[in-house]
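Remarks on the structure that follows.
The values are calculated or read from the model by the stated rules, or taken from the named source; none is laboratory data. Given the structure is predicted, the values throughout are model-derived calculations rather than measurements. Don't worry about glycine lacking a Cβ; one is built from the backbone with ideal geometry, like all the others, and counts go over all protein chains shown. Accessible surface is based on the protein model in full, side chains and every heavy atom, while ligands, DNA and RNA are left aside. Shrake-Rupley method; radii C 1.70, N 1.55, O 1.52, S 1.80 Å.
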Amino acid sequence: MKDPKTLDEMIGIFEERGLALDDKDIDSFRTVLYDCNYYRLSGYFRAFQVDPSHGDNRFVEGTCVDDFLTPYLMDERLRSLVFEGTSRLERTIGARFSYLLAQNDGAYSYIDENSYNEYRTVSDKNAALSQFPSRQSPRSQLFNELCRWLSQSKEVCIRHYRRRNQPVPIWAAVEAIPFGTLSKMLSLHKNTQVLRELYKSLGFRGREWRTCAPSAIQSMSYLRNMCAHHSRLWKREIISAPPMPQGAQQQFSSMEFSDKSVAKSLVVLSYLVDYIAGDEEYSLRLWEFVNSDASYSDGIHHAAHWE
């Protein structure tokens, strides 16, 4: 069991480990620790320690507070830009999917289990049944989520239908369903005509509506959720890297990044938002910010694997 530390005790630990602090730094750093949480900051200062994975938590000689506060503060700005992009993507997908589905299958087919596959692929089903035989299928989990969101939503339009004991049409439901649940609906839906048209409108080409688009959209939901929980983006390793649409590869052909870096997810997001908007205004702003600091940019383009 670990005993809690006072702010001054925490500062003492930093000094013992070789962090360069003068009297002025100590006063401001005390406020930083009070506001930001030592544990949250640890994901940033690990990059400046000798070998933290093996217990050597000494700071590399010459390390100062700004070395890890700069990427910490820049992550806050980048999360805002990511929210802007994922919000545009979420609203667009919800609106287009609800329109296309209503035109093809009617307003209420989304609450019919027969509209969805039990598993996304046969391999997914075999893996799930062999590893987690007692777990609900993705379709069952999806319907539990749908029921929960529609029964608990405080949206006026949803309460309107609940009061009248009427089913909620898809164009109202998408206003209450979060991005993650919406992406699961897309990944399991059976109506290939709707999915092809939707994904084509987002910039996916050819067979990408089947091979690339569902996983790419789910990865955008994952990116959005990371930002919602104020997770570190700098030097972060994305365990499930998003597939790369052909259009994104072409638009960012000169950019180099590691496969599990945050940059790869940002490339996909930038491409999709630009395609929806019909210009490159969003991607230009996002990448101008990322590249405004060389060390920060490197940490976004290249993931660090820490045990």
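Among residues belonging to segment 227-249 that are within 20 Å of GLU90 (Cβ to Cβ) and among the polar types (S, T, N, Q), point out the one that is least open to solvent (accessible area, probe 1.4 Å). Looking at residues that are within 20 Å of GLU90 (Cβ to Cβ) and among the polar types (S, T, N, Q), I get SER231. Looking at LYS190, is it surrounded by fewer than 17 Cβ atoms within 10 Å (Cβ to Cβ) and touching a residue at least 40 places away in the same chain (Cβ under 8 Å)? When the stated conditions are applied, LYS190 passes them.
Residues in segment 58-85 that are among the hydroxyl-bearing types (Ser, Thr, Tyr) and open to solvent by 20 Å² or more (accessible area, probe 1.4 Å) were compared, and the one that is nearest to the chain's Cα centre (by Cα) is SER80. For segment 215-229, the criterion of being over 18 Å from LEU146 (Cα atoms), more than 17 Å from the chain's Cα centre (by Cα) and at pLDDT 95 or above is met by none of the residues. Among the residues of this structure, LEU100 counts as one that is at pLDDT 95 or above, in contact with an Asp or Glu (Cβ under 8 Å, 6 or more places away or on another chain), in a helix (DSSP H, G or I) and surrounded by 18 or more Cβ atoms within 10 Å (Cβ to Cβ).
All told, ARG139 meets the bar of being of a type in the set (D, E, K, R) and either touching a residue at least 24 places away in the same chain (Cβ under 8 Å) or in a helix (DSSP H, G or I) (or both). Once segment 204-226 is narrowed to residues that are out of contact with any Cys (no Cβ under 7 Å at 6 or more places or on another chain) and part of a loop (DSSP other than H, G, I, E, B), the residue that is most open to solvent (accessible area, probe 1.4 Å) is ARG207. Determine, yes or no, whether ARG88 is within 30 Å of HIS305 (Cα to Cα) and surrounded by 12 or more Cβ atoms within 10 Å (Cβ to Cβ). So ARG88 fails the test. Residue check: is GLY55 open to solvent by 40 Å² or more (accessible area, probe 1.4 Å), without any contact (Cβ under 8 Å) to a residue 12 or more places away in the chain and more than 27 Å from LEU266 (Cα to Cα)? Spelling it out, GLY55 is indeed open to solvent by 40 Å² or more (accessible area, probe 1.4 Å), without any contact (Cβ under 8 Å) to a residue 12 or more places away in the chain and more than 27 Å from LEU266 (Cα to Cα).
Just to check your reading of the model, which residue among GLU145, GLU118, GLU175 is among the acidic types (Asp, Glu), at pLDDT 90 or above and open to solvent by less than 60 Å² (accessible area, probe 1.4 Å)?
Numbers: GLU118 fails: open to solvent by less than 60 Å² (accessible area, probe 1.4 Å); GLU175 fails: open to solvent by less than 60 Å² (accessible area, probe 1.4 Å).
After ruling out the rest, the residue left standing is GLU145.
Kindly indicate the residue of segment 103-115 that is in a helix (DSSP H, G or I) and not hydrophobic (A, V, I, L, M, F, W, C) and also surrounded by the fewest Cβ atoms within 10 Å (Cβ to Cβ) among those meeting that condition. Ranking the qualifying residues of segment 103-115, first place goes to ASN114. Summed over segment 84-105, residues that are within 28 Å of TRP287 (Cβ to Cβ), touching a residue at least 40 places away in the same chain (Cβ under 8 Å) and of a type outside the set (S, T, N, Q) total 9. With respect to the conditions (1) modelled with pLDDT under 90; (2) open to solvent by 40 Å² or more (accessible area, probe 1.4 Å); (3) over 24 Å from ARG236 (Cβ atoms), GLU16 lacks only one, and its number is (1).
Within segment 227-243, the set of residues being touching a Lys or Arg at 6+ places or on another chain (Cβ under 8 Å) and part of a helix (DSSP H, G or I) comprises CYS227 only.
Of all residues in segment 253-284, those being under 23 Å from SER87 (Cβ atoms) and open to solvent by 80 Å² or more (accessible area, probe 1.4 Å) number 4.
Would a scan of segment 299-306 turn up a residue that is more than 27 Å from ASP56 (Cβ to Cβ), of a type in the set (Gly, Ala, Ser) and either part of a helix (DSSP H, G or I) or open to solvent by 80 Å² or more (accessible area, probe 1.4 Å) (or both)? No, because not a single residue in segment 299-306 is more than 27 Å from ASP56 (Cβ to Cβ), of a type in the set (Gly, Ala, Ser) and either part of a helix (DSSP H, G or I) or open to solvent by 80 Å² or more (accessible area, probe 1.4 Å) (or both).
Picking from residues in segment 155-172 that are touching a residue at least 12 places away in the same chain (Cβ under 8 Å) and part of a loop (DSSP other than H, G, I, E, B), the one that is surrounded by the most Cβ atoms within 10 Å (Cβ to Cβ) is VAL168.
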